[in-house]
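Colleague: Below is the structure I would like to discuss, written out as structure tokens.
The values are calculated or read from the model by the stated rules, or taken from the named source; none is laboratory data. Just so you know, these numbers come straight off a predicted model, no measurement behind them. Here Cβ is always computed from backbone atoms with ideal geometry, including for glycine, and neighbour counts include all displayed protein chains.
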Amino acid sequence: MNLAIWKKAISEAWVSLVTCSALLLGFSWLFVWLMSLMKIGAWASLLKLMPSFVQPMLGLPLADLATPAGQLSIVYQHLVTLLISVGWAVGRGSASISGEIGRGTMDLILSLPVWRATVVVVPAVVAIVGAAILAASVLAGLWVGLSSVSMPGVPSAWQFLPGSINLFCMIFCLIGITTFVSSWNRDRWRTIALAMGVYIVSVIIKMVGRLWPEGAWLEYCTFLTAYRPQRLILMPDETGLLAWRCNLTLIGLGLVCYAAAAIVLTYRDIPAAK
């Protein structure tokens with residue numbers, strides 16, 4: 001693979017990667033500190049105040065969420081964590097093809113002696129490595145937080161490793177979906193809008209599937225059903241089989257989308273930039 005493509009992909013991604021990693025590490029650390037300020041039993045009392053119709057959305061028994069580990073596991077479902085993770089996935093996935101076409105640089109890249117699939121593979125590898133670093137940053141933030149504050153009843157930070165692995169797989173999958181959308185678009189902002197639309201619709205479908213008993217089958221219609229970091233963290237007896245099933249589903253769907261993106265780019269005509 002051409003060294004110039006690698007240098008370009010890394011140079012475009014490293015600043016946002018460092019920023020996102022620092023934000024996730026700092027937020028996870030801050031989250032642990034804030035949770036440590038709550039009195040013992042206060043979190044359990046707060047959970048009991050939730051309306052009964054909201055509890056199915058949590059996906060776990062309240063008794064598990066009321067534990068110190070359950071309290072900290074929320075970081076994997078927190079809006080800040082998801083915004084940064086989804087932002088990285090959609091940003092990197094949209095830049096590789098439609099971003100280059102929109103800037104008018106795709107013709108220059110394809111003039112290099114490389115296969116068209118390389119244009120998909122190289123940015124994908126950089127984005128995937130970045131996804132692993134982001135997931136590790138959350139775990140590192142939890143470890144630093146637990147090492148610096150006193151929080152009774154909290155086990156080792158390594159208990160949260162299954163959650164970080166599941167987060168990585170979710171980001172991997174969303175990068176693949178966005179790359180596929182990018183492969184048949186010419187405008188990066190349109191790609192971002194479509195990819196975000198897929199994510200938002202997936203969130204809505206997952207919520208409806210949990211809240212509507214007759215519509216439980218809807219959970220099989222969204223890739224986010226396989227994103228269950230809290231369950232993997234708090235129910236270690238299920239971690240083995242469930243983790244393999246969830247993570248392989250996300251990785252498999254992501255790989256299918258990457259392969260489809262490579263095929264589309266190989267055979268499509270590259271339009272001129274607007």
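Colleague: Listed residues A259, A216, A243; which is farther than 22 Å from R92 by Cβ, out of contact with any Cys (no Cβ under 8 Å at 6 or more places or on another chain) and surrounded by fewer than 15 Cβ atoms within 10 Å (Cβ to Cβ)?
Modeller: None of the others qualify; the one that does is A216.
Colleague: So which residues in the range 89-137 are under 19 Å from G252 (Cβ atoms) and not aliphatic (A, V, I, L, M)?
Modeller: G93
Colleague: Hey, another quick one. Check every one of the helices (runs of 4 or more DSSP H) wholly within the range 45-160 and list those with 1 or more residues that are surrounded by fewer than 17 Cβ atoms within 10 Å (Cβ to Cβ), modelled with pLDDT of 95 or more and touching a helix residue (DSSP H, G or I) at 6+ places or on another chain (Cβ under 9 Å).
Modeller: Of the helices (runs of 4 or more DSSP H) lying wholly inside the range 45-160, those with at least 1 residues that are surrounded by fewer than 17 Cβ atoms within 10 Å (Cβ to Cβ), modelled with pLDDT of 95 or more and touching a helix residue (DSSP H, G or I) at 6+ places or on another chain (Cβ under 9 Å) span 79-94, 116-148.
Colleague: So N185 ticks every box in (1) free of Cβ contacts under 8 Å to residues at least 24 places away in the same chain; (2) more than 27 Å from R245 (Cβ to Cβ) but one. Which box is left unticked?
Modeller: Condition not satisfied by N185: (1).
Colleague: What single numbered condition from (1) free of Cβ contacts under 8 Å to residues at least 60 places away in the same chain; (2) under 29 Å from I97 (Cβ atoms); (3) within 16 Å of the chain's Cα centre (by Cα) fails to hold for L161?
Modeller: (2)
Colleague: For the range 30-41, check the following and say yes or no: at least one residue is at pLDDT below 70, over 30 Å from T179 (Cα atoms) and of a type in the set (A, V, I, L, M, F, W, C).
Modeller: Looking for residues that are at pLDDT below 70, over 30 Å from T179 (Cα atoms) and of a type in the set (A, V, I, L, M, F, W, C), one finds at least one in the range 30-41, hence yes.
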